[in-house]
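In what follows, a structure is listed as structure tokens, so that the remarks can point back to it.
The values are calculated or read from the model by the stated rules, or taken from the named source; none is laboratory data. Computed from a prediction, not measured in an experiment: that's the story for all the values here. Glycine also receives a Cβ, built like all others from the backbone with ideal geometry; neighbour counts cover every protein chain displayed.
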Amino acid sequence: MRSIEIEQLNAGMKIAKAIYDDNGRILLNAGAVLSFRYIDKLTSMGIPFIYVEDEIVGPLDVEELIHDRVRIQTVKALKQAAENVKMRAEIDIRQISDMVNSILDDLRGVSNLIVQLMDIRCSNMYIYNHSVSVCILSIITGMALGLDELKIKTLGMGAILHDVGKSLSEGPEHTLHGFEILRGNKTLNVTAAHVAYQHHEKYDGKGYPRQLKGEDIHLFGSIVGTANYYDNLVSNPDQNERLYPYQALEIIMAESGRALHPEVVKAFCKNIAPYPVGTAVRLNNGDIGVIISVNKHLPTRPVIKLVANNVGILLKTFPEIDLMLEKTLFINEIINEKQRQDIFG
Ligand SMILES: [Fe+2]
């Protein structure tokens, strides 16, 4: 199995993980063979990447952070909430709260809690999928910061509803709208409303709407702001704007102490795989391999299955090397699909 950007798909490739449509129905099951018609369909849906089977690499174990079912139900609940806001009706906070609880349950059950590639399904549901991803990223960061259960729950609620104001306006006012909508809801902790208000504030005071600075920004606002910043970089529906996780992490780290809170950045980056499972990479000695597992304690030093030597000749056997043990080796670059097809055929 390997991850592949949608723009690089070819007819005949085999799907390695099921793909769902807007309504949570399976569009293509694992094992399905891609036709040009399906590739067009996937492209029109705005899915940035999928997993395809790969004979050399074999099956890979990418532990899902949350169940597909939970993501789909949450997206539906958020869509409903947005429709309520548009009709000036109350949001069903109970329903959203149940979804955040399901996300929390799923995350607690993951043994190696590290973020690989985020599953973004379709462009017309993009904003809701983005909210789910921001919620997951925020909760994991909150856990890394040692927040207690109650705080994590409030953080999760703020994160999942951070862009709820966008139902009323797309501009910077969406922060104020979000605050007003959520503050008026008596069943919701007011801190969650402040998250919607503050998620575009910046540590250096250059954010909006109030240009809050440093510690004046609530910790949850900083966390959700960082998660939002990162997810926008890696899941942009426009391929030309979209970055690889290692590139997005570099930007996040470069903003530490500038746009972003340094402690939050530290906790955030700990949990993200810069080179997710399924990524093809070139090492500093020229060898080429595919990431097959990521170590939670040192995500920058994953386990790699070597597939080609430094002149691009396919190996006869594919040894696995652990960068935790091979201290002189490091990842030099990502091999994109085009380069990969040249080497692997
Ligand atoms: Fe926003």
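Here are the numbers:
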item: Test: residue in the stretch 283-293 that is at pLDDT below 90 and more than 20 Å from Val234 (Cβ to Cβ); result: no
item: Yes/no for Leu329 being at pLDDT 90 or above and of a type in the set (A, V, I, L, M); result: yes
item: Single condition Val62 does not satisfy, out of (1) out of contact with any Leu (no Cβ under 6 Å at 6 or more places or on another chain); (2) buried (at least 17 other Cβ atoms within 10 Å of the Cβ); (3) in the same structural domain as Leu233 (by TED's automatic domain parsing); result: (3)
item: Sole residue being within 14 Å of the ligand (Cβ to nearest atom), surrounded by 16 or more Cβ atoms within 10 Å (Cβ to Cβ) and either under 19 Å from the mean Cα position of the chain (by Cα) or not assigned by TED's automatic domain parsing to the domain that holds Glu90 (or both), chosen from Leu168, Leu161, Leu176, Leu155; result: Leu161
item: Among (1) surrounded by fewer than 17 Cβ atoms within 10 Å (Cβ to Cβ); (2) charged (D, E, K, R); (3) not assigned by TED's automatic domain parsing to the domain that holds Lys151, the one test that Glu83 misses; result: (3)
item: Residues located in the stretch 300-329, provided they are closer than 25 Å to Leu249 by Cβ, in a loop (DSSP other than H, G, I, E, B) and β-branched (Val, Ile, Thr); result: Thr300, Thr328
item: Any hit, the stretch 242-256, residues being among the charged types (D, E, K, R) and modelled with pLDDT under 90; result: yes
item: Hey, Leu150 buried (at least 17 other Cβ atoms within 10 Å of the Cβ) and more than 30 Å from Asp40 (Cα to Cα) or not; result: no
item: Matching residues, the stretch 255-277, being surrounded by fewer than 23 Cβ atoms within 10 Å (Cβ to Cβ) and either of a type in the set (Gly, Ala, Ser) or in contact with a Lys or Arg (Cβ under 7 Å, 6 or more places away or on another chain) (or both); result: Ser256, Gly257, Ala259, Ala267
item: Residue check for Leu137: within 16 Å of the ligand (Cβ to nearest atom) and under 17 Å from the mean Cα position of the chain (by Cα); result: yes
item: Qualifying residue in the stretch 96-106 (condition: of a type in the set (D, E, K, R), surrounded by 15 or more Cβ atoms within 10 Å (Cβ to Cβ) and not in a helix (DSSP H, G or I)); result: no
item: Strands (runs of 3 or more DSSP E) wholly inside the stretch 1-58 containing at least 2 residues that are among the hydrophobic types (A, V, I, L, M, F, W, C); result: 26-28, 49-52
item: Candidates Val164, Val132, Val190, filtered to the one that is within 18 Å of Ile93 (Cβ to Cβ), in contact with a Gly (Cβ under 7 Å, 6 or more places away or on another chain) and not polar (S, T, N, Q); result: Val164
item: The stretch 286-317, residues that are over 27 Å from Lys270 (Cβ atoms) and basic (Lys, Arg); result: Lys316
item: Helices (runs of 4 or more DSSP H) contained entirely in the stretch 195-282, each with at least 1 residues that are within 16 Å of the ligand (Cβ to nearest atom), assigned by TED's automatic domain parsing to the domain that holds Leu182 and touching a residue at least 60 places away in the same chain (Cβ under 8 Å); result: 219-234
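Residues are listed down the side, and each one gets a yes or a no for (1) in contact with a helix residue (DSSP H, G or I) (Cβ under 8 Å, 6 or more places away or on another chain); (2) more than 26 Å from Asn271 (Cα to Cα):
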{"position": "Ser138", "(1), (2)": "yes, no"}
{"position": "Leu176", "(1), (2)": "yes, yes"}
{"position": "Thr191", "(1), (2)": "yes, no"}
{"position": "Tyr197", "(1), (2)": "yes, no"}
{"position": "Gly214", "(1), (2)": "no, no"}
{"position": "Phe220", "(1), (2)": "yes, no"}
{"position": "Ile223", "(1), (2)": "yes, no"}
